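Here the structure comes first, spelled out in structure tokens, and everything after it is commentary.
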Amino acid sequence: MIVRIWHGRTRRERADEYAAFLTLRAIPDYRGTAGNLEVVILRRDEADVSHFRTVTRWESEHAIRAFAGSEVLKAKYYAEDKDFLLEFEPAVEHYVVVARASED
């Protein structure tokens, strides 16, 4: 199992709107990809900026390729992101899950 983590920043006054966009657009895109196991979107507000981290769990690198394309460490963006994000970080992080405990 692989965890994929993306980070983005938006102006705090747009953070609620961006969170809604992620819920309506990004989550269905992730969940609609075979091999996606989970999506969690995190938000941390600072004075004038909000940070978002999207944490997804995948069955395999093959499943990530179906979502992100052949460059699996390249960040995937939506056309609407240009209306919200302060910059476009080029890469995501991947971690292999070595242990897990859950109430699920």
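Remarks
- Loop sites by DSSP among the GluC sites (Glu not before Pro) of the chain, restricted to those with at most 13 other Cβ atoms within 10 angstrom, leave 1-45 as the longest stretch without any of them.
- Global form of the chain, assessed from the alpha-carbon gyration tensor, a/c cut-off 1.5: prolate
- Estimated FRET transfer efficiency (Val98, Arg25; beta-carbon r; R0 22 Å; 0.05): 0.10
- Computed Kirkwood radius, in angstrom, where 1/r is averaged over Cα pairs of segment 60-104: 12.9
- With a simple spin-label model that places each label point 7 Å from the Cα along the Cα-to-Cβ direction, the separation between Glu17 and Arg44 comes to 2.5 nm.
- Label point of Leu86 set 7 angstrom out along Cα-Cβ; within segment 1-34, amide nitrogens under 18 Å from it belong to 6-19.
Laboratory data are not the source of any read-out in this text; all were calculated from the coordinates shown. The structure presented is a predicted model; accordingly, all values stated were derived computationally and were not measured. No Cβ is skipped: glycine too gets one built from the backbone with ideal geometry, and neighbour counts run over all protein chains shown.
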